[in-house]
Amino acid sequence: MTQQRHQHILELLKKQGVVKLQDLVQVLETSESTIRRDLIELEKHNLLKRVHGGATLLHAKGTELSIKEKSSKNLQQKREIAIFAASLVEQGDCLFLDAGSTTLEMIPHLANKNITVVTNGLTHLEILMEQDIRSYILGGMMKPSTRAIVGSKAVESLLQYRFDKCFLGTNGIHLELGYTTPDPDEALIKRTALSLSSQAYVVADHSKFSEVSFSKIAEIHESHLITDHLPEEHRESYRTKTIVIEVENG
């Protein structure tokens, strides 16, 4: 019966990409505790990734969604994270906002703060202008999928600045392997901005936990982390490594 349940769970994942815990309880006609044990066992064998309220397929380390696709995923959680992150910005701050979908959601909440923003996100630029925020964009090569400016010229441009705070997105958060992203060029921009900032924040929703992408950005302790929800089984471990703010829990 256990093997049959496991097979059914994996088949549903292949069809849907993500499954909810309560849906599995109904479909498989078994208890929530049994399904939780099934998901834990399947995750141990790298067959799926558990997320808040269910499970999802593992992503290939080099896989990356476009900015449009990223922006539509977990939108409410991203907005809540963005509102809190924007509240940390003070009058007169100089910021780096990377080309992530969560940092994009911060911009409407930064108006009237007399700040300066540097970004490598082409999508960000128009909204920054609409909010009348003093802004600089890095020079370099445009990456079409994420609309990020990357490459050696971008790094050279970035090195001319110093920041009070930087806000960075990430594709993966792992206790041992740190913050990661699929593209080495984007990882370098994020890592450089972090090194030039007095305070660094990674802004990421719960779906990024236990994911590992191809290129390392930084270790967990090198940045504060703002998220909507920490995995319960790893909560204390993350909190011993860095400052974590869970927006869901206030």
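The values are calculated or read from the model by the stated rules, or taken from the named source; none is laboratory data. Just so you know, these numbers come straight off a predicted model, no measurement behind them. Because the Cβ atoms are built from the backbone with ideal geometry, glycine has one as well, and the counts that use them run over all protein chains shown.
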>> So, V89, is that one under 24 Å from S152 (Cα atoms), outside any helix (DSSP H, G or I) and either acidic (D, E) or touching a helix residue (DSSP H, G or I) at 6+ places or on another chain (Cβ under 9 Å) (or both) or not?
In response: no
> Pick from the range 189-235 the residues that are more than 22 Å from M106 (Cα to Cα) and in a loop (DSSP other than H, G, I, E, B): which of them is modelled with the highest pLDDT?
Replying inline: E219
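Within the range 1-60, which strands (runs of 3 or more DSSP E) (wholly inside it) include 1 or more residues that are farther than 27 Å from N171 by Cα, aliphatic (A, V, I, L, M) and touching a helix residue (DSSP H, G or I) at 6+ places or on another chain (Cβ under 6 Å)?
Ranges flagged: none.
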>> Being in the same structural domain as D205 (by TED's automatic domain parsing) and part of a strand (DSSP E or B) is the requirement here; does L125 meet it?
In response: no
>> Give me the residue from the range 92-122 that is assigned to a helix (DSSP H, G or I) and under 17 Å from the mean Cα position of the chain (by Cα) and, out of that set, surrounded by the most Cβ atoms within 10 Å (Cβ to Cβ).
In response: T102
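Would you check if K153 is among the basic types (K, R) and either in a strand (DSSP E or B) or not assigned by TED's automatic domain parsing to the domain that holds A85 (or both)? Please lay out each step first, then the result.
Details: among the basic types (K, R): yes; either in a strand (DSSP E or B) or not assigned by TED's automatic domain parsing to the domain that holds A85 (or both): no.
Criteria not met by K153.
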> What pairs can you find where one residue is in the range 106-123 and modelled with pLDDT under 95, the other is part of a strand (DSSP E or B) and acidic (D, E), and their Cβ atoms are less than 6 Å apart, with a gap of 6+ or different chains?
Replying inline: none
